[in-house]
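Below is one structure, written out as structure tokens; the observations come after it.
Quick note: the coordinates plus some simple rules give every number you see, no bench work behind them. Small disclaimer: the values here were computed from a predicted structure and weren't measured. Cβ atoms come from the backbone with ideal geometry, glycine included; neighbour counts cover every protein chain shown.
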């Protein structure tokens, strides 16, 4: 006789698949390995999946469509000029993904990033909690 409330393997598999289905897949493009590593920790804390990473623009353009991402986090300094053309090219490669641009300084770059076609921006000088908050907010828009 089997208890009615005993979890079955089938239930656990379905729960894992459901979690994976709604998990936000993020691609990080930043020339600095330590910044990618820091973002990886923030994404892990947010229970988001790091679907890939790149240290240069050409690798980003090749890897993004392959990795089926929901969100792209890209360092402003990695974008070739003009940034609007670069982001257009990226959107063609992965049209459904949200684009977040990382900027070093809060100045005209913030407006330029949004004008170039980014969905949001995050300052590299932000505390990890603030970065997590911004990523969570953008991820929420993916799931709605």
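In terms of overall dimensions, the C-alpha atoms belonging to segment 25-143 reach 33, 33, 28 Å along their principal axes, ordered largest to smallest.
Simple spin-label estimate for residue 59 and residue 127 gives 3.2 nm between the two label positions (7 Å along the Cα-to-Cβ direction from each Cα).
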